Structures are given as structure tokens and as C-alpha cells.
Amino acid sequence: MQAGFLKKEAVVTAIAAEALEAKFERCLSACAALRSKPAAEEEPYVHRYEERDSLQQMLKQAAANAAVDPDGADAARARVIDGVLECWLGINFMDTEEPGSGQAHLERAIEALEVQKAPAEAVRLLDALNHLGILWANRGESEKSLERLEAGEALHMSLRGGSGVAALREGEEQLEDLHTLTCFYLAQAHGNLGSRERSASYCHRTMIRQLARSEEHTSELQSPI
């Protein structure tokens with residue numbers, strides 16, 4: 001028998017709210033580095049599995065903190081962190097061709113971020129909605145795909161119509177890039193449902209947004225130092 005096979009997993013206990021935030025940010029930074037790290041052809045997902053392990057460990061820490069004084073502000077923040085981590089786990093499972101597990105994580109992410117009303121994490125919420133839209137489209141469930149994508153579009157509109165953009169932790173640029181993807185996927189969803197005019201409208205909107213983003217990037221490159 002493998003050594004340590006019956007060894008119990010260490011119990012994760014709550015830590016100070018400030019320590020949780022710092023650990024959360026370190027986890028996100030490390031996971032971003034792993035996602036961009038090249039992998040050998042024979043092990044294409046090796047770094048994504050490392051990312052998954054890190055996210056799951058951080059998820060346990062968030063859960064431990066959320067269990068302390070459940071009605072308190074620190075526990076509420078821990079549940080928001082939980083939602084962000086669930087989103088990244090859902091994306092991880094989808095990227096490693098495990099959509100069934102990805103769906104469960106994405107749905108938990110949406111529930112957590114909607115229930116906690118976390119405007120600062122709206123980028124993660126939009127990303128989760130987009131990925132579920134893709135997942136349902138890949139399964140041939142165009143109406144379910146459209147439902148999630150339209151929720152993503154409504155979220156973007158609500159943020160642009162108020163002061164939500166200024167509060168975003170990940171920034172306006174990420175929000176707008178994700179909304180461009182929402183428009184692209186909406187074009188496909190409407191096309192699959194036979195709504196040619198609406199599909200064409202979203203195709204046009206996607207092209208306009210991509211062109212504007214390209215021009216913005218070019219302008220940044222040409223700006224004098």
C-alpha cells in the first residue's frame with residue numbers, strides 16, 4: 001500500500017480577513033502564470049491541473065472563513081471569493097475538456113456572485129455566463145445558451161448604465177473584451193435558432209467592437225513616451 005494512503009487530509013481553519021485577501025490575490029496571480037505557461041505536447045494540461053489544485057485549496061480556505069459568523073461581513077466576502085474561485089475552476093474544467101464538471105462550478109459561481117451582489121466581481125460573473133452559453137451551445141441547446149448569453153448582455157448594460165464599471169476589480173477593459181465575446185456568441189445562438197436578422201446584427205456589433213479595440217491598441221502603441 002502506498003505510504004500515507006490512509007493519512008487524513010489536513011483540516012483547513014479560518015484565517016484573518018486580511019490574510020484571506022492576500023492569499024486570494026497570490027492564488028489568482030499564480031494561477032494566471034500557470035495558464036500562460038507552455039506545456040509539452042504529451043502533457044498539454046499539466047499546468048492547468050496545477051492551477052486546479054491551487055484553486056481547490058483556496059476554495060477550502062474560503063469555505064472555512066465563510067463558516068465563521070455566517071451572517072457577518074467577513075463571511076460574505078469569503079463567499080464572494082468562493083464565487084470567483086468557482087468561476088475559474090469552471091473555466092479550468094472546460095479548457096481541459098471536462099464540461100460536466102465545468103458546468104457545476106460555473107453554476108455555483110453564478111449563484112454565489114448573484115446572491116452576494118458583488119459588483120466588483122462582475123467580470124467573473126460575465127465570464128461564467130459566457131462559458132455556460134458556450135457549453136450549452138456545444139450541446140446543441142441553443143435556447144439555454146441564449147438565456148445565459150442574454151443574462152450576460154443585461155449584466156453589461158446594467159454596469160454601463162450606472163457606476164458599476166468604476167468598482168470592477170478586474171477593470172473596464174476586461175469587461176468590454178468579455179462583452180465582445182458575448183456579442184459574438186449571441187450572433188451564433190440567434191443563427192442557430194433561425195433568427196437571421198438578429199444574428200447579423202450581433203455579427204455587425206462584434207465587428208465594430210473588435211475594430212474599435214484594434215484602433216485603440218494601435219493608438220496606444222503609437223503614443224509618444
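The values are calculated or read from the model by the stated rules, or taken from the named source; none is laboratory data. Given the structure is predicted, the values throughout are model-derived calculations rather than measurements. No Cβ is skipped: glycine too gets one built from the backbone with ideal geometry, and neighbour counts run over all protein chains shown. For accessibility, only protein heavy atoms count, side chains too; no ligands or nucleic acids. Shrake-Rupley method; radii C 1.70, N 1.55, O 1.52, S 1.80 Å.
Using θ = phi - 60° and the Karplus form 6.51 cos²θ - 1.76 cosθ + 1.60, what ³J(HN,Hα) does each residue of the range 191-208 get, whole Hz, x for Gly and Pro?
Running phi through 6.51 cos²θ - 1.76 cosθ + 1.60 with θ = phi - 60° gives x, 5, 8, x, 8, 5, 5, 5, 4, 5, 4, 6, 4, 4, 4, 4, 4, 4 Hz.
Below 11 angstrom from the Cβ of Leu106, what's the summed charge of the other residues (Lys, Arg +1; Asp, Glu -1)?
-1
Given the options Arg209, Arg108, Arg124, state which has the largest fluctuation in a GNM of the chain using a 10 Å cut-off (strictly under) for Cα springs.
For the chain, modelled as a Gaussian network with Cα springs under 10 Å, the answer is Arg209.
With a 1.4 Å probe and all protein chains kept in place, how do Tyr49, Tyr202, Tyr185 rank by accessible area, largest first? Each step should come with its number before you reach the end.
Working: Tyr49 100, Tyr202 10, Tyr185 50 Å².
Final ranking, largest accessible area leading: Tyr49, Tyr185, Tyr202.
Please return the longest stretch of the chain lacking exposed loop sites, where GluC sites (Glu not before Pro) count only if DSSP places them in a loop and at most 10 other Cβ atoms lie within 10 Å.
98-225
Would you mind checking the radius of gyration and Dmax of the chain based on alpha-carbon positions, in Å?
Values for the chain (Cα only, Rg and Dmax): 19.5, 65 Å.
Where Lys and Arg each count +1 and Asp and Glu each count -1, what net charge lies around Leu175 among other residues with Cβ under 15 Å from its Cβ?
Working: positive: Arg124, Arg160, Arg169, Arg209, Arg213; negative: Glu121, Asp127, Glu153, Glu170, Glu172, Glu173, Glu176, Asp177, Glu216.
Local net charge: -4.
Find the Cα radius of gyration of the range 1-128, compare it with 2.2 N^0.38 Å by division, and give the number to two decimals.
In units of the globular-protein estimate, the range 1-128 measures up at 1.11.
How much of the accessible area of the chain, probe 1.4 Å, is carbon plus sulfur, in whole percent?
Roughly 54 percent of what the probe reaches on the chain is carbon or sulfur.
Using +1 on the beta carbon of Lys and Arg, -1 on that of Asp and Glu, and nothing else charged, what's the dipole of the range 81-213 about the Cα centre, debye to 20?
460
Which one of Ala78, Ser54, Ala39 has its Cα pushed farthest toward the positive end of the charge dipole of the range 38-96, where Lys and Arg give +1 and Asp and Glu give -1 at the Cβ?
Ala78
Which shape class, rounded, prolate or oblate, goes with the range 93-151 when its Cα gyration tensor gives a ≥ b ≥ c as root eigenvalues, a/c under 1.5 marks rounded, and past that a/b bigger than b/c marks prolate?
It is oblate, given that a/c is not under 1.5 and a/b is not larger than b/c.
Below 12 angstrom from the Cβ of Glu150, what's the summed charge of the other residues (Lys, Arg +1; Asp, Glu -1)?
Surrounding charge for Glu150 is 0.
List the aspartates and glutamates whose Cα lies under 17 Å from the Cα of Lys144, skipping any in the same chain that are fewer than 8 positions away.
Lys144 reaches Glu107, Glu111, Asp127, Glu153.
Could you state, as a whole-number percent, how many of the C-alpha pairs of the range 15-55 are farther apart than 14 Å?
52
Taking the Cα centre of the chain as origin, sum charge times position over the Cβ atoms of Lys and Arg (+1) and Asp and Glu (-1), and report the length of that vector in debye to the nearest 20. Intermediate values should be presented prior to the final figure.
On the way: 24 positive and 37 negative charges, 38 e Å.
Taking the Cα centre of the chain as origin, the dipole is about 180 debye.
Could you provide, to the nearest whole Å², the per residue accessible area of the chain with probe 1.4 Å?
Result: 57 Å² per residue.
Run the helix sum for the chain: -39,500 (n - 2.57) per DSSP H stretch of 4+ residues, divided by residue count, reported at 222 nm to the nearest 500 deg cm²/dmol.
Theoretical 222 nm ellipticity from helices: -25000 deg cm²/dmol.
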